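One structure is given below, encoded as structure tokens.
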Amino acid sequence: MSKKRAESRARYYFRTQAQKRGWKLGHPSKGGEILEEQEIVDFFPDIGLGLDRPDFLIIKGGLPVVVIEAKNTADKIQTAIDEAIEYANTINSKSSYSVKLAVGVAGEENHGFVIEVRYLKDDKWKPLLSRGYEITTIPTRREVDVALAANDATTEVDVPGVSEFIDAAIELSKILRTARVEAPLRPKVIGALALAMYQGDIDVSEDNALESINDLIHEAIEDSVDLSPNKKPRLEESLKLLGADYDRLSPQIAKIVHLLRGLNIRAVLQTDTDFLGLFYEAFLRYGYDNNALGIVFTPRHITRFCAELTDAKSTDRVIDIACGTGGFLVAAFDKMMSNAHGPKAIQKVKRDLYGFDTNPTIWALATLNMFFRGDGKSHIENKSCLEQESKNSVADGFQKAFLNPPFSQADEPERDFIDASMDALVPEGLIAVVVKAGIFADDDNKAWRREFTRNHSVLGMISLPEDLFYPTAAPTSILIAKAHIPQRNDDNILMARISNDGYEKLKGRRVEIDGSQLPITEAAFKAAIRGETVHTENAITISANSILDGNEWSPQQWLPQPIETEEKLKKYEDDIRFSIYRAISAIPDLADTVIPDFGEDWSELPDYRVGVTLPISDFFDVQNGKSSGEKNYIEGTTPYISSGDLSNSIIRLVDAEEAEVFASGAITVTAFGQAYVQPWPFMARGNGGSSVRVLIPKFKMSFNDLVWFASQINAQRWRFFYARMAIKSRLVRLEMTSPPQKLEDSGKSIFERAQEFRGNLIALSGTA
């Protein structure tokens, strides 16, 4: 392979990194900010360069600001940076331009890439530092601006973006799989490398890498004045990479170190950013086969949100009895330190954070998380919080508690963790708990909800986006409650729903977007606890009297339906009509089952009231499907309706059981709140998780009327999810608005349209 071709990989790496760091690729004449070697003299004829030119030049404000030189292997990084400096010196001496930043890029895929940055200060090129540590990736636009303004070879590091953490996490996971490091051991590698790099430079040579890492871990732990003596040996034991499990990792250490350097790990660890937590979150979400670890990781923007909701203060004692890697404790620590004034207050904060976790590696990562923030004094214990000894040790001792309990463990239900957290709080202490939403909605927990309000006070319930824990599908809510103060009938309780938390799922990852509802929800909650009535686009206050009997706490039960635009309602209606034709496309014989005079069976009923908002039960008789699982039926001509979203919820055509058939057609509603119009006799599943509800009109209704009412249900599909299904008792209470006037059918009937559509399908398929 030619040198030129090999260097092209380092050049490609520079382009991808520069783009991630916010620079616009492309020629300045087309809105870009980067010139490549052959373009530099053409764009800057007076730049003073001859035939030799750097690989890249970054332009800012129309002026050259950064020179970049790339080399084909990592061991040539010194050559790369030397040549970049030489080009910058040439520009500075032979032109009117002043370039003060030089970047060397060296490496290839197999062993990783290295980046070094130099700044020209007092005629000497020095490493560009942030808080005493080198910048080890392409400087961002802001980092360049800060460096030029300071003019002393320092800048303020930018925290990597979400996409950078995700890309690095995916790459690290590939490396660990290649090295055959088992999934349960991978978190340990992250913690070990982070601590070693925090302490010093790892010898990345294959023969010395593991020993170097372990030595640096020992030094970091022994040097700490905050870590208690009895905690140091256990922490070191939990992090050191010893034994045959890690021998295969040695050849990959250099690549991992280069990967973490690309995130500016040493500089970022000096900031108040939860680097380890952010990287670990990305690693668990997006690393291959990491779901096997069985860990649910609270996103860091949500832990910060909870710290703000409870207003954690420097005078508080704080606990998280299932702390994982310490996300809530980190968020509380940051919030508390922001209002801690003076050495005594700071030392108190460091003494007053407590946590438990049963996994030794996760416990070590939580301890590290606090260590990186200059706090090794937090009381994080490697034991179960549900043991009586643990409960006794923390009873009635804390002002604030945070919690994201393990999800769906039969022997340790979420409510046990919530109760244990409440027992740890003093009277009027506050908790914010992120938990699967089913506990607040299902009948199995009704008695627990009733008992909870007899002992404590619910202050707020905030529903979170369903993809918050992507790729885990877990509808969740935040409960904010006050300990040991029984709920009063007239208490204000905030019910809120966050559909935009500042992220959305796009191409298999959650990426940042505008319009986060976290700030307005925080403001609404604080208004509610001041006793104010709240009614915003995503939040309302209700009287506590509504939930004292164990009734649902789910915001989806209590929030009013937002006013939909005519355009949106039209789309709901179109989707219902189109769904019928999609079903006929999938099962052409359906066209023959459409009732020729569909709606005639209700023609003698009275007219419904127009333009009124009433529960569904005022307009329809809500029934459960009558059929068992579709596998119990042989092939036939009757549509079988289940809770799928494809083909109008029709699984297949079955042989009819007369007692189970809805002969006049109707509206069907899936377990997840999706409504369809069925213009044919059908059978519907009535048992198990895929049960279907059937809405039989109580009034005269045309096909268009049914489409209207079905669209009203679909506009409120946000109220239903796996843990809060559209069971009959919920559906009958759902309010819907009737049309402003009767919607008569006109033109061809649905039977005629179905026949015509099927005929066109046959003609287009060429089988006529």
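On a 20 Å Cα-Cα criterion, which of the cross-link pairs Lys313/Lys350; Lys313/Lys482; Lys188/Lys232; Lys571/Lys698; Lys350/Lys400 come out too long?
Numbers: Lys313/Lys350 12 Å; Lys313/Lys482 16 Å; Lys188/Lys232 16 Å; Lys571/Lys698 26 Å; Lys350/Lys400 15 Å.
As for pairs spanning more than 20 Å Cα to Cα, those are Lys571/Lys698.
Indicate the gyration tensor shape class of the stretch 108-175 (rounded, prolate or oblate), computed on the Cα atoms with a ≥ b ≥ c the square roots of the eigenvalues: a/c under 1.5 is rounded; otherwise a/b larger than b/c is prolate and the rest oblate. Could the numbers behind the result be given before it?
Details: a/c = 3.28, a/b = 1.87, b/c = 1.75.
Prolate is the answer for the stretch 108-175, as a/c is 1.5 or above and a/b outweighs b/c.
Between helix 141-150 and the chain, what is the angle of the helix's C-alpha long axis to the longest principal axis, kept within 0 to 90° and rounded to the nearest 10?
40
Can you pull a Stokes-Einstein diffusion coefficient for the stretch 1-151 at 37 °C (0.692 mPa s), Rh from Kirkwood over Cα pairs, as a whole number of µm²/s?
Values: Rh = 15.3 Å.
My calculation gives 214 µm²/s for D.
So how strong a dipole does the stretch 527-572 carry about its Cα centre when Lys and Arg Cβ are +1 and Asp and Glu Cβ are -1, to the nearest 20 debye? Display every interim value, and only then the final one.
Working: 4 positive and 7 negative charges, 19 e Å.
That gives the stretch 527-572 a dipole magnitude of about 100 debye.
Pairs of alpha-carbon atoms within less than 8 angstrom and 6+ residues apart define the contacts here; what relative contact order does the chain have, in percent?
Details: 1542 pairs, mean separation 53.9, N = 768.
Relative contact order, the chain: 7 percent.
Which three extents, in whole angstrom, do the alpha-carbon atoms of the stretch 403-468 cover along their principal axes, largest first?
If we take the Cα atoms of the stretch 403-468, the spans are 34, 23, 19 Å.
Taking the chain as the region of interest, what is the percent of Cα-Cα pairs per 20 angstrom bin, listed from the shortest bin to the one with the maximum distance?
Bin by bin from 0 Å, the calculated values are 14, 36, 32, 17, 1.
Between Thr315 and Arg733, what is 0.36 nm times their sequence separation minus the Cα-Cα distance? Round to one decimal in nm.
Working: separation 418, 0.36 × 418 = 150.48 nm, distance 4.57 nm.
This chain segment gains 145.9 nm when fully extended.
May I ask you to work out the translational diffusion coefficient for the stretch 650-768 at 10 °C, viscosity 1.306 mPa s, via Stokes-Einstein with Rh from the Kirkwood sum over Cα pairs, reported in whole µm²/s? Don't skip to the answer; put the middle values down first.
Numbers: Rh = 16.2 Å.
Using the Kirkwood radius from Cα pairs, D works out to 98 µm²/s.
Considering the zone a paramagnetic label at Lys60 would reach in this model (a point 7 Å from Cα along the Cα-to-Cβ line), which residues of the stretch 243-279 have amide N under 20 Å from it?
262-265, 267-268
So what is the orientation-averaged projected area of the stretch 304-441, using the convex hull of its C-alpha atoms, in nm²? Provide the component values of the computation, followed by the final result.
On the way: hull surface 32.3 nm².
Projected over every direction and averaged, the Cα hull of the stretch 304-441 covers 8.1 nm².
For the chain, what is the charge dipole size about the Cα centre, in debye to the nearest 20, if Lys and Arg each add +1 at the Cβ and Asp and Glu each add -1 at the Cβ?
On the way: 89 positive and 111 negative charges, 166 e Å.
Roughly 800 debye for the chain.
What distance in nm lies between label points placed 7 Å from Cα along the C-beta direction at Ile762 and Lys446?
Roughly 5.3 nm, to one decimal.
For Glu752 and Glu86 in one chain, what is 0.36 nm times their gap in residues minus the Cα-Cα distance, to one decimal in nm? It would help to have the intermediate numbers written out before the result.
Working: separation 666, 0.36 × 666 = 239.76 nm, distance 8.09 nm.
Value of the extension gain: 231.7 nm.
Nothing charged except the Cβ atoms of Lys and Arg (+1) and of Asp and Glu (-1): what's the magnitude of the dipole of the stretch 386-545 about its Cα centre? Round to the nearest 20 debye.
Values: 17 positive and 25 negative charges, 67 e Å.
That gives the stretch 386-545 a dipole magnitude of about 320 debye.
With every protein chain left in place, what is the accessible area per residue of the chain in square angstrom, probe 1.4 Å? Spell out each step's value before the answer.
Numbers: 32190 Å² over 768 residues.
Here the residues of the chain average 42 Å² of exposed surface.
Cut-off 20 Å, label point 7 angstrom out along Cα-to-Cβ of Glu389: give me the residues of the stretch 232-267 whose amide nitrogen falls inside.
Under 20 Å, as judged by backbone N against the label point of Glu389, lie 232-235, 238 of the stretch 232-267.
Considering all alpha-carbon pairs of the stretch 429-588, what whole percent are spaced by more than 24 angstrom? Don't jump to the answer; show the numbers that get you there.
Values: 5683 of 12720 pairs.
Every Cα pair in the stretch 429-588 considered, those over 24 Å come to 45 percent.
In the stretch 387-433, if every C-alpha pair distance is counted and binned at 10 Å from zero, what percent goes to each bin?
28, 54, 18, 0
Roughly speaking, what is the stretch gain from Val426 to Ser617, that is 0.36 nm per residue apart minus the C-alpha to C-alpha distance, in nm to one decimal?
Going from the current span to full extension adds 64.2 nm.
Jot down the radius of gyration and Dmax of the stretch 353-506, Cα atoms only, both in angstrom.
Rg, Dmax (Cα atoms, Å): 16.4, 46.
Kindly provide the Kirkwood hydrodynamic radius of the stretch 511-657 in Å, to one decimal, from all pairs of distinct alpha carbon atoms.
Working: mean 1/r = 0.0487 Å⁻¹.
After inverting the pairwise mean of 1/r, the radius is 20.5 Å.
When the expected Rg is taken as 2.2 N^0.38 Å, what fraction or multiple of it is the alpha-carbon Rg of the stretch 696-738? Before the final figure, lay out each step's value.
Working: Rg = 11.5 Å, N = 43, 2.2 N^0.38 = 9.2 Å.
Normalised Cα radius of gyration, the stretch 696-738: 1.25.
Would you compute, for the Cα atoms of the stretch 623-690, the largest minus smallest coordinate along each principal axis and list the three values in descending order, in whole Å?
Answer, in whole Å and largest first: 27, 24, 22 Å.
Between Asp52 and Arg177, take the C-beta separation as r, use R0 = 56 Å, and let me know the FRET efficiency to the nearest 0.05.
On the way: r = 42 Å, r/R0 = 0.76.
Using R0 = 56 Å, I get an efficiency of 0.85.
Find which of Pro681, Ala194, Val622 sits farthest along the positive direction of the dipole of the chain, computed with +1 on the beta-carbon of Lys and Arg, -1 on that of Asp and Glu, about the Cα centre.
Result: Ala194, furthest along the dipole toward the positive end.
For the stretch 585-672, place one equal point scatterer on every Cα, skip the solvent, and apply the Debye formula. What is log10 of I(q)/I(0) at q = 0.17, 0.21, 0.24 Å⁻¹?
-0.88, -1.20, -1.40
Would you compute the Debye intensity of the stretch 423-506 from its alpha-carbon atoms alone, equal scatterers and no solvent, and pass along log10 I(q)/I(0) at q = 0.16, 0.18 Å⁻¹ to two decimals?
-0.68, -0.82
Using a 7 Å offset from the Cα along the Cα-to-Cβ direction at both Ala473 and Glu222, what is the distance between the two label points in nm, to one decimal?
Between Ala473 and Glu222, the label points sit 5.2 nm apart.
Classify the stretch 273-372: rounded, prolate or oblate, from the alpha-carbon gyration tensor (a ≥ b ≥ c, eigenvalue square roots; a/c under 1.5 rounded; otherwise prolate if a/b is larger than b/c)? Please report the intermediate quantities before stating the final value.
On the way: a/c = 2.28, a/b = 1.91, b/c = 1.20.
Prolate, because a/c is 1.5 or more and a/b exceeds b/c.
Mind grabbing the base-10 log of I(q)/I(0) for the stretch 553-635 at q = 0.15, 0.21 Å⁻¹? Debye formula, identical points on the C-alpha positions, no solvent, two decimal places.
-1.10, -1.36
State, to one decimal in nm², a quarter of the convex hull surface area for the C-alpha atoms of the stretch 590-736, i.e. the direction-averaged projected area.
Values: hull surface 33.3 nm².
If you wrap the Cα atoms of the stretch 590-736 in a convex hull and average its projections, you get 8.3 nm².
For the stretch 222-341, what is the Kirkwood estimate of the hydrodynamic radius, computed as the reciprocal of the mean inverse distance between distinct Cα atoms, to one decimal in Å?
On the way: mean 1/r = 0.0589 Å⁻¹.
It works out to 17.0 Å.
In percent, how large is the relative contact order of the stretch 592-705, given Cα pairs closer than 8 Å and 6 or more residues apart? Numbers along the way, then the final one.
Numbers: 242 pairs, mean separation 42.6, N = 114.
This gives 37 percent for the stretch 592-705.
Given points 7 Å out from each Cα along the Cα-Cβ axis, report the Asp272 to Asn687 separation in nanometres with one decimal.
Result: 5.9 nm between the two label points.
Taking the Cβ-Cβ separation of Asp247 and Val511 as r and a Förster radius of 60 Å, what is the calculated FRET efficiency to the nearest 0.05? Don't jump to the answer; show the numbers that get you there.
Details: r = 38 Å, r/R0 = 0.63.
Computed FRET efficiency for Asp247 and Val511 comes out at 0.95.
Ranking request for peptides 687-698, 515-526, 491-502: highest mean number of other beta-carbon atoms within 10 Å first, then the rest in descending order.
Working: 687-698: 19.0, 515-526: 17.2, 491-502: 21.8.
Descending packing order for the listed peptides: 491-502, 687-698, 515-526.
Set the Förster distance to 25 Å, then compute FRET efficiency between Tyr97 and Asp201 from the Cβ-Cβ distance, nearest 0.05.
Numbers: r = 34 Å, r/R0 = 1.38.
So, using R0 = 25 Å, E works out to roughly 0.15.
The values are calculated or read from the model by the stated rules, or taken from the named source; none is laboratory data. Quick caveat: nothing in here was measured; it's all calculated off a predicted structure. Every residue, glycine among them, receives a Cβ derived from its backbone with ideal geometry; neighbour counts consider all protein chains shown. Keep in mind that these areas ignore ligands, DNA and RNA; they rest on the heavy atoms of the full protein, side chains included. Shrake-Rupley method; radii C 1.70, N 1.55, O 1.52, S 1.80 Å.
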